[in-house]
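Engineer: Supplied in structure tokens, the structure appears directly below.
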Amino acid sequence: MITREAPEVITKEIPPQVIAKEKPAVAMKQTPEVITNPPVAKNQIAEVITKPAAPAAKKRVSEVITRPSSPVASKVRTFEPVRPIPHYNFKDPDGRQESVPIITHYYPNQIVHPLGTADRHLDPKLSRAATIAQERAHAHSRSMCWHAVKEALLASGVIDSRPKSEYARDAAEDLVSNYGFKKLSVRDPFAAPIGSVLVYGTSRSVGHVEIRTKDGFVSDFRSPTPSHRPLIGVYAKL
């Protein structure tokens, strides 16, 4: 009985057919995968070799090559000395010495400011005051704006006496309380009618006063643009 059972157990556990099937199956699956993978790797290598560099990378390289070594060196190379602006000196009809800058360069696009318009509801003498102030104005400020506006208003007949206020910031209160001026509902200096008086300033500053003209603003000097100070208000006599 021992000699009969032993051969049967050996032949059932390790049959020759199972061994023959497993060996080829494993060999056939592994070998083709290893052999067929290299062409894909060759294509990838070819793409890496023939693919051009990214534009961003080229840009960074060019910036590094063309960029100056230090900001100090570039400033030294591009520095130009400041040239003084030439001036023309002359005497006005009253014998006073005047000086104006000589313009040698012009902007390609002309800066155009809106022109002033006349308001028929205002006292026509205000336009005369603007003309008088413009005729007497200088090229540059002499810190006598309120004095010049007083003289123009008095010479044109808009007021019959000289205002007593000293600072330009007090001109609004003086004109409204003593000379019949009214505050207009205008906040844009360019929209102020011709002849109206514009008062600027704060409680801590001396202030500024000017009259609107057709092509700008005038006090003791002429300017195509209004003052940069805070605008208190626009005043006129109706």
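The values are calculated or read from the model by the stated rules, or taken from the named source; none is laboratory data. Everything quoted here is computed from the prediction, not taken from an experiment. Here the Cβ is made from the backbone with ideal geometry for all residues, glycine too, and neighbour counts use every protein chain on show. Note: areas computed on protein heavy atoms with side chains; ligands, DNA, RNA excluded. Shrake-Rupley method; radii C 1.70, N 1.55, O 1.52, S 1.80 Å.
Engineer: Going by accessible area, probe 1.4 Å, with all protein chains left in place, what is the ranking of Val186, Val197, Val206, largest first?
Structural biologist: The residues order as Val206, Val186, Val197, largest area first.
Engineer: Report, by chain and number, residues whose modeled amide H sits under 5 Å from the one on Asp119, excluding near sequence neighbours (fewer than 5 apart, same chain).
Structural biologist: Ile194
Engineer: While we're on this one: Estimate the FRET efficiency between Ser185 and Val100 by the formula 1/(1 + (r/R0)^6), using the beta-carbon distance for r and 45 Å for R0, to the nearest 0.05.
Structural biologist: Values: r = 37 Å, r/R0 = 0.82.
Efficiency for this residue pair is about 0.75.
Engineer: Testing the spin-label approximation: label points 7 Å from Cα along Cα→Cβ at Ser141 and Ala155. State their distance in nm.
Structural biologist: Taking the two extended label points, one gets 2.1 nm.
Engineer: Also: Suppose R0 equals 35 Å. What FRET efficiency, 1/(1 + (r/R0)^6) with r the Cβ-Cβ distance, do Ser203 and Leu115 give to the nearest 0.05?
Structural biologist: Numbers: r = 33 Å, r/R0 = 0.95.
Working from the Cβ atoms, E equals 0.60.
Engineer: Which chymotrypsin sites (Phe, Trp or Tyr not before Pro) in region 143-213 sit in a loop by DSSP (not H, G, I, E or B) and have at most 15 other Cβ atoms within 10 Å of their own Cβ?
Structural biologist: Counting only loop positions with at most 15 other Cβ atoms within 10 Å, the chymotrypsin sites (Phe, Trp or Tyr not before Pro) in region 143-213 are Tyr167.
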